[in-house]
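Heads up: the structure comes next, in structure tokens.
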Amino acid sequence: MNATFRIRTVEQTDVPLINDWARREGFAPGAGDVGIYRQTDRQGIWKGCLGGEPVGCIAGIRYNHAYGFIGLYIVRPQQRGHGYGVKLWQKALDHLHDVSCIGLEAAENRVDDYSNWGFQPASITTRWQLHSQSRQAPNAISTIPAGLRLIYGNDIPEPKIQIYDADRELSPRPHFLSDWLHHPAGHVAALLDMQQNCHGFARIRPCLLKKDAGWRIGPLLADTPELAELLILNLLATRNGVVIIDSPGGNALASPLLHKLGFRPAGRTLRMYRGVMPSRKLDEVYGLACLELG
């Protein structure tokens, strides 16, 4: 008898397996990422099971009525070609059916597939990679402009970060951002003035590469390239190994900055949208939080 394919909500016990799938696909999942996706939209991440065996997953995360995002779309290689991926895809679209705009990051060989579902290309997202040797620490601290100070971790006033993020990202994401900032696997730095207004912030977290472990920086938002550089250098000050940043094509200043710091392109995807495409500029976004959640 052939096993039946069913789609079920991802449970906490599924997270290690999904992390491993994502690692094998080269997604470089960050520590704690999948758990945060579940917290952002408890109905928005699923696994496809053949009988009792998980064979695929997808996330269709609803931020609000205006914006949602599809990611973490994986079918195990040996189970591809049987229509399981299409069923997972339809599940995510059904969940987001009343959202004004849906975004995703498309691999270059899948752009035509997503175009057939009504998604339109917006901009290239570039993955940058650096091998950090913790050599930047002394110079980074001395370059803080007058009137600003670097704040770390729980000393950062979250409401100020929320305001700053909401003014620059495509959609407010308070629940996601709160979990993202406070997850113990990450380290957050922010630049604040004397009135506690934010002028930039960033988070670094461990991630799983195909053959090793590394670091991912994201989100990375700043008023200027110089402040973005300051945040990067401070986050790398005590960390060795491979570091990844995913920069949006909507910020023309990101590529020159990352080249200057020694990062090199390691891959790219195409940001696509279906529905009312966002009009907000991303010119102060130097690094995306993650490609799986937009």
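Please tell me if A252 is in a helix (DSSP H, G or I) and either of a type in the set (V, I, T) or under 18 Å from T126 (Cα atoms) (or both).
Taking the combined requirement at face value, the residue does not satisfy it.
What is the number of the single condition among (1) in contact (Cβ under 8 Å) with a residue 24 or more places away in the chain; (2) over 20 Å from the mean Cα position of the chain (by Cα); (3) outside any loop (DSSP other than H, G, I, E, B) that L93 does not meet?
Of the numbered conditions (1) in contact (Cβ under 8 Å) with a residue 24 or more places away in the chain; (2) over 20 Å from the mean Cα position of the chain (by Cα); (3) outside any loop (DSSP other than H, G, I, E, B), the odd one out for L93 is (2).
Which of (1) open to solvent by less than 40 Å² (accessible area, probe 1.4 Å); (2) within 23 Å of A59 (Cα to Cα); (3) modelled with pLDDT of 95 or more; (4) touching a Phe, Trp or Tyr at 6+ places or on another chain (Cβ under 8 Å) is the odd one out, the single condition G294 does not satisfy?
(3)
In region 47-59, what residues are outside any loop (DSSP other than H, G, I, E, B) and surrounded by fewer than 23 Cβ atoms within 10 Å (Cβ to Cβ)? Before the answer, list the steps.
Let us first name the residues in region 47-59 that are outside any loop (DSSP other than H, G, I, E, B), namely 47-50, 53-59.
The answer is K47, C49, L50, E53, P54, V55.
Can you list residue pairs whose Cβ atoms sit under 9 Å apart, with the first residue in region 168-186 being over 23 Å from A31 (Cα atoms) and the second being among the basic types (K, R) and surrounded by fewer than 22 Cβ atoms within 10 Å (Cβ to Cβ)? Count only pairs 6 or more apart in sequence or on different chains.
The qualifying pairs are R168/R280; R168/K281; L170/R280; S171/R280.
I'd like the full set of residues that are in contact with a Cys (Cβ under 8 Å, 6 or more places away or on another chain) and modelled with pLDDT of 95 or more, limited to region 179-213.
The first filter runs over region 179-213 and keeps only residues in contact with a Cys (Cβ under 8 Å, 6 or more places away or on another chain), leaving 190-192, 213.
Hits for region 179-213 are A190, L191, L192.
Being open to solvent by 10 Å² or more (accessible area, probe 1.4 Å) and either touching a Phe, Trp or Tyr at 6+ places or on another chain (Cβ under 9 Å) or at pLDDT 85 or above (or both) is the filter here; which residues of region 30-45 pass it? Explain how you work it out, then say what you get.
Initially, region 30-45 is screened for residues open to solvent by 10 Å² or more (accessible area, probe 1.4 Å), giving 31-32, 35, 38-43.
Scanning region 30-45 gives A31, G32, Q39, T40, D41.
Counting just the residues of region 48-71 that are free of Cβ contacts under 8 Å to residues at least 60 places away in the same chain and under 21 Å from R110 (Cα atoms), which one comes out nearest to the chain's Cα centre (by Cα)?
Applying the filter and picking the extreme gives I70.
Within region 1-24, can one find any residue that is open to solvent by less than 40 Å² (accessible area, probe 1.4 Å), at pLDDT 90 or above, closer than 27 Å to D212 by Cα and in a strand (DSSP E or B)? Lay out the reasoning, then the answer.
Initial filter on region 1-24 (open to solvent by less than 40 Å² (accessible area, probe 1.4 Å)): 5, 10, 14-15, 18-19, 21-22.
Pick out the ones that are also at pLDDT 90 or above and you get 5, 10, 14-15, 18-19, 21-22.
Filter once more, so that each one left must be closer than 27 Å to D212 by Cα: 10, 14-15, 18-19, 21-22.
Add one more test, that the residue is in a strand (DSSP E or B), and what stays is none.
No, there is no match, as no residue in region 1-24 is open to solvent by less than 40 Å² (accessible area, probe 1.4 Å), at pLDDT 90 or above, closer than 27 Å to D212 by Cα and in a strand (DSSP E or B).
Say whether the condition of being farther than 30 Å from H182 by Cα, of a type outside the set (D, E) and without any contact (Cβ under 8 Å) to a residue 12 or more places away in the chain is met by at least one residue in region 15-33. Please lay out each step first, then the result.
Going through region 15-33, the residues farther than 30 Å from H182 by Cα turn out to be none.
No: region 15-33 contains no residue that is farther than 30 Å from H182 by Cα, of a type outside the set (D, E) and without any contact (Cβ under 8 Å) to a residue 12 or more places away in the chain.
For region 60-82, which positions are open to solvent by less than 30 Å² (accessible area, probe 1.4 Å) and farther than 17 Å from A289 by Cα? Walk me through it before giving the result.
First, the residues of region 60-82 that are open to solvent by less than 30 Å² (accessible area, probe 1.4 Å): 60-61, 67-72, 74-75.
Those that are open to solvent by less than 30 Å² (accessible area, probe 1.4 Å) and farther than 17 Å from A289 by Cα: I74, V75.
For region 274-291, which residues satisfy the criterion of being in a strand (DSSP E or B) and more than 16 Å from the chain's Cα centre (by Cα)?
First, the residues of region 274-291 that are in a strand (DSSP E or B): 274-275, 285-287.
Correct list: R274, G275.
The values are calculated or read from the model by the stated rules, or taken from the named source; none is laboratory data. Everything numeric in this text was worked out from a predicted model, so none of it was measured. Every residue, glycine as well, gets a Cβ built from its backbone with ideal geometry; the counts of neighbours run over all protein chains shown. Quick note on the areas: whole protein, heavy atoms, side chains included, nothing else; ligands and nucleic acids left out. Shrake-Rupley method; radii C 1.70, N 1.55, O 1.52, S 1.80 Å.
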